[in-house]
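Here the structure is laid out as C-alpha cells; the discussion comes afterwards.
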Amino acid sequence: MQEVDIAIIGGGPAGLTAALYTSRARASTVVFDSGMTGGQIVTTEHVENYPGFPEGIAGPELGRLMLEQAQRFGAFIEAFNSIESVGLDGIDFVLKTTEDEEYRAKSLIIATGAVPKKLGVPGEAEFTGRGVSWCATCDGALFRDKVVAVIGGGDAAVEEAIFLTKFAREVHLVHRRDELRATKCIQERCFENDKIILHWSRAVAEIIGENGKVSAIRLPSTKADPDETIAVDGVFEFVGVDPKSDLVKHLVDCNEAGFIKTDHNGITTYPGIFAAGDVTDSELKQVVTAAGRGASAAFEALRYIDARLCTI
Amino acid sequence: MAENVMQVTDAAFEASVVKSDKPVLLDFWAPWCGPCRMMEPVLEEVAGEQAGKIVVGKLNVDENPGTATKFDILSIPTLLVFVNGEVVKKLVGAMPKKRLLEEISPWV
C-alpha cells in the first residue's frame with residue numbers, strides 16, 4: 001500500500017492546479033486520471049477565455065502546460081489509472097484502483113469533473129457514433145459539406161456550432177427557449193454566421209436514421225406549434241453536464257443534481273475531503289474557476305493534514 | 001437549549017462511564033484542538049437524537065489527564081465507546097454525523 005499526503009482524483013485544470021500547490025508545499029501528491037490528463041479542454045480546439053493568453057491557446061496545449069508545471073514541483077501523475085473505490089481506515093482514506101493497487105492518503109481532493117448529458121431520446125443510443133456525438137472537435141471533420149444539428153443554448157452549444165461551420169455546410173442550432181444562454185459576444189458571432197440556422201423553442205423528440213446512420217431529427221415545439229422534422233447527417237449534443245461524484249457520494253453531501261456541496265474554498269461535508277472544478281456545486285464551470293478552486297482546495301487540504309489530529 | 005453531552009471528569013469517570021447502564025460514547029477533547037471543536041455540534045445532535053440508547057460524554061484532556069493517560073490517548077479527537085465499563089470501539093479523528101452513527105450503530 002502506497003502512502004501519500006494528498007491524493008487528487010481527476011487530472012483536469014482543477015486537479016493539476018491543486019497538485020501544483022500541494023507539491024510546492026512539499027506535501028507528497030499523486031494525481032489519478034482515468035485517461036489522459038487535461039480534462040475537457042483536451043477536446044477543445046481553442047481556449048480564448050483563460051487569462052494570460054490574449055490570442056487564445058489550444059486546449060491540449062494548455063493541458064500539457066498545466067501537467068508540466070505540476071510535475072516540475074514533484075507531483076506524481078498516474079494517468080490511465082482509475083480509482084475504483086474510496087474507503088476509510090481510521091482517519092485515512094484508502095483508494096483502490098482498477099488495477100487492484102491501494103493507496104493510503106491523509107487527505108483527498110476530488111476534481112473528477114463532469115460528463116456531457118444525454119438527451120435520452122429514441123434513436124440516440126442506436127446512432128451514437130453513427131451521427132450522434134458530444135464532441136465537435138473529435139467528430140466535426142466527419143461532416144464536411146454535410147448538414148448537422150447542434151442541440152443546446154449555452155456557451156458550449158453555440159461555440160461548437162460556430163466551430164462546426166468550418167466543416168458542415170449547414171448547422172442547425174436547436175434550443176428549447178427563445179433566447180440563448182451563451183455569452184453575448186459568442187451569440188453575436190453566432191448570429192453573424194450565415195451557415196447557422198436557428199430553431200427556437202424546439203426540443204428533440206427523436207433521432208431518426210436510415211441505413212444505420214442519422215438522417216433526421218424530429219423537433220416538437222415547446223410552444224404548442226406543430227412538430228418540425230429536419231434532415232441532418234449528424235447531431236451534436238451540448239445540453240449540460242453530469243457530475244462524476246459517484247466515488248465519494250457515500251461520504252460527502254451532494255446537491256440534488258449530484259454536484260458535490262462545497263464552501264467557497266472547496267471544503268466538503270467530510271473532514272479531509274475537498275473538491276474543486278466541475279464536480280462541485282459552483283456556479284461558473286470554466287477552466288479558470290476550476291484552476292482557482294483547485295488552488296483553494298489544495299490550501300485547505302494542506303491545512304487539514306497539519307491539523308487533522310492534535311497531539312496531547 | 002440544554003446541553004445533551006455530559007461533561008465527564010477524572011473524578012466522575014467511574015460513576016458516569018464505567019458504571020453506566022447504557023453504552024457510553026466518550027469524546028476526548030481540548031479547547032485548542034480544531035477538529036475537536038468541529039465535532040461539538042455533531043456530538044450534540046447525536047446525544048439528543050440517541051438519548052435513552054447511548055450516553056454521549058466529553059472529557060477535557062487538559063483538565064483530566066488521568067483518564068486520558070489511562071486509555072493511552074495520544075491524539076485528539078479520540079472517541080471511545082464503552083459497554084459495561086469496557087472499551088469496545090476506538091475512533092480517531094473528526095468525522096461527519098453520518099459516519100459516526102454508522103460506527104456506533106451496533107450499540108444503539
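The range A:249-312 and the range A:36-71 have Cα centres lying 23 Å from one another. Shown for A:Asp278, B:Asp10: other C-beta atoms within 10 Å of each C-beta, ranked fewest to most, produce the order B:Asp10, A:Asp278. Please find, in a Gaussian network model of chain A (springs between Cα atoms separated by less than 10 Å), the residue of A:Gly35, A:Gly123, A:Gly212 whose mean-square fluctuation is greatest. The residue with the greatest mean-square fluctuation here is A:Gly212. Let me know the shape class of the range A:178-312, please: from the alpha-carbon gyration tensor, a ≥ b ≥ c as square roots of the eigenvalues, rounded when a/c is under 1.5, otherwise prolate if a/b is greater than b/c, or oblate. Because a/c hits 1.5 or more and a/b exceeds b/c, the range A:178-312 counts as prolate. Assuming charge only on the beta carbon of Lys and Arg (+1) and of Asp and Glu (-1), the dipole of the protein assembly as shown about its Cα centre is about 160 debye to the nearest 20. Note on chain A: Rg/Rh from C-alpha atoms, Kirkwood Rh, equals 1.03.
Beta bridges from DSSP with both residues in the protein assembly as shown: antiparallel share about 50 percent, rounded to the nearest 5. When both the range A:139-211 and the range A:212-240 are represented by their alpha-carbon centers, they are found 11 Å apart. Calculation over all alpha carbon pairs of the range A:95-203 in 10 angstrom steps from 0 returns a P(r) of 13, 37, 25, 12, 11, 2 percent. Here the Gaussian network model covers chain A, with springs between Cα atoms less than 10 Å apart; of A:Ser107, A:Ser296, A:Ser201, A:Ser201 fluctuates the most.
Based on Cα atoms of the range B:6-107, Rg over Rh with Rh as the Kirkwood radius reads 0.92. The mean sequence separation of alpha-carbon pairs under 8 Å and at least six residues apart, normalised by the residue count of chain A, gives a relative contact order of 20 percent. Highest GNM mean-square fluctuation among A:Lys249, A:Lys184, A:Lys213, for chain A modelled with Cα contacts below 10 Å: A:Lys184.
Spin-label pair A:Gln69-B:Glu3: with each label point 7 Å from Cα along the Cα-Cβ axis, the two points sit 4.8 nm from one another.
Separation of the alpha carbons by more than 25 angstrom is noted, of A:Lys261/B:Lys22; A:Lys118/A:Lys223; A:Lys184/A:Lys213; A:Lys117/A:Lys285; B:Lys19/B:Lys70; B:Lys70/B:Lys90, for A:Lys261/B:Lys22; A:Lys184/A:Lys213.
Grab the other residues whose beta carbon is less than 11 angstrom from that of A:Lys285, score K and R as +1, D and E as -1, and report the net. Result for the neighbourhood of A:Lys285: -3.
Since every read-out is calculated from the coordinates, none of them should be taken as a lab result. Fair warning: this is a prediction, and the values are worked out from it, not measured in the lab. Don't worry about glycine lacking a Cβ; one is built from the backbone with ideal geometry, like all the others, and counts go over all protein chains shown.
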